[in-house]
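The values are calculated or read from the model by the stated rules, or taken from the named source; none is laboratory data. Given the structure is predicted, the values throughout are model-derived calculations rather than measurements. Using ideal geometry, Cβ is built from the backbone for each residue, glycine included, and neighbour counts are taken over all protein chains shown.
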Amino acid sequence: MALGASGIAGLSGAALATPQTPTSAAGASANSIRVPIPYGAAVRVDALTSDASYRAAVIANCQIVVPEGEMKWPDIHPARGEYRFEKADVLMDFARQNNIEVRGHTLAWYGGMPAWTAAIGSRAEAERELVGHIETVVSRYRGAIPSWDVVNEPLVDWPEDESSLRPSIWTSRLGPDYLPIALRAAAAADPDTRLVLNEYDVEFRGARFAARRKALVRLLRSLRDRDVPLHAVGLQAHLFADRAIDRDGLQELLVEIATLKLDVLITELDVIDYGLPGKVGERDALVADMAGQFLGAVCDVVRPRAILTWGLSDRYTWVPTYFKRIDGMPNRPLPLDAELKRKPLFDVIEQYRRNTV
Ligand code: 9MR
């Protein structure tokens, strides 16, 4: 079923005026409100138009969609001064017709940039291109996209501190100023959209992940100290079945985020199953268990504003591009299998969304 009366309003409505506070210390569950947390998935526009059963599954299951690639720079801004909105517009129409909300993804990222941007030469030119892009894209969908991943993956793999930003055309020309520049441009282009900083690899046990959590908190604080507009942190949650969730570390991070009066969204959940046993039943159970550990740790501390997976069905997933299984069996990282049947991962997400764990 698509969008309930209360569903997506939670992302953009008046409730957001009240920042989250960590509640576990007070003994109450942060997820005690009975309205389900909105669920969504990254979608591929070509598949939505060519694959009727996939399209139907998206309509049946998603209250939110986010384009996997169609709002990134290469698709939307393939050459200097040239914008192409065809595919993004197809998604917007699909969502409107089916009463589904759209999240925007993404505006300031090191990755997946079109070749022409490498020729951006000066600081002034970089600011002009970054701000111009954000103004053009965000204002086109003003009022129709209530939540944007403005900043994606700002930190290096193993940061020393908040200044350890991943090298990109933006850091090389603008330094750390690219973050406030991007966030302020997005806020100006749509004052009502929720601005999200989206990051990954912050939930696991180990020194590298602890360093990432620490740097992320320092980065968020430094933005807050400079009054840079930002409303939420997106935890991508690409979970690896061969890594352990650091429940305490993750919860400390979430408390810090809540203390900064920022919301939390789970933006790209999936479970990378390349190291797991081949047997499908066993593998699906382990995938669901991993997601359950993550969602349990999160929902004990904050109520995420949304839970999105990075794809809906194993039919369309980025995972085999980088994490193909050595036994040759297809990856199964998502809530629906390749035949669009619900898997244990679907059920575990439902339990946390509905607080029926
Ligand atoms: O799933 C996306 C894949 O189809 C694209 O080729 C790739 C490059 O744009 O990006 C993938 O999505 C990434 C997302 O934008 C940011 N977090 C990690 C995702 C998986 O790599």
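Looking across the stretch 60-94, the residues that are more than 16 Å from the ligand (Cβ to nearest atom) and of a type in the set (D, E, K, R) come down to Arg80, Glu82, Glu86, Asp89, Asp93. For Val298, the stated conditions hold: it is away from the ligand (no atom under 16 Å from the Cβ) and buried (at least 23 other Cβ atoms within 10 Å of the Cβ). The selection criterion, being more than 21 Å from Leu336 (Cβ to Cβ), of a type in the set (A, V, I, L, M) and either within 14 Å of the ligand (Cβ to nearest atom) or part of a loop (DSSP other than H, G, I, E, B) (or both), holds for Met113. A Cβ distance below 6 Å, combined with a sequence gap of six or more or placement on separate chains, defines the contacts here; from the stretch 59-81, residues that are part of a loop (DSSP other than H, G, I, E, B) reach residues that are of a type outside the set (Phe, Trp, Tyr) and near the ligand (Cβ under 10 Å from one of its atoms) in the pairs Glu68/Ala42; Glu68/Arg44; Gly69/Asp75; Met71/His105; Lys72/Gly112. Taken together, the criteria exclude Val102 from residues that are within 14 Å of the ligand (Cβ to nearest atom) and either over 25 Å from Asn61 (Cα atoms) or within 20 Å of the chain's Cα centre (by Cα) (or both).
Kindly indicate whether Glu153 is charged (D, E, K, R) and farther than 26 Å from Arg305 by Cβ. Judged against the criteria, Glu153 is not a match. Count of the stretch 233-287 residues, restricted to those that are of a type outside the set (D, E, K, R) and either away from the ligand (no atom under 16 Å from the Cβ) or over 21 Å from Ile37 (Cβ atoms) (or both), is 27. When Tyr352, Tyr322, Tyr274 are checked against the criterion of being at pLDDT below 95 and among the hydroxyl-bearing types (Ser, Thr, Tyr), Tyr274 stands alone in meeting it.
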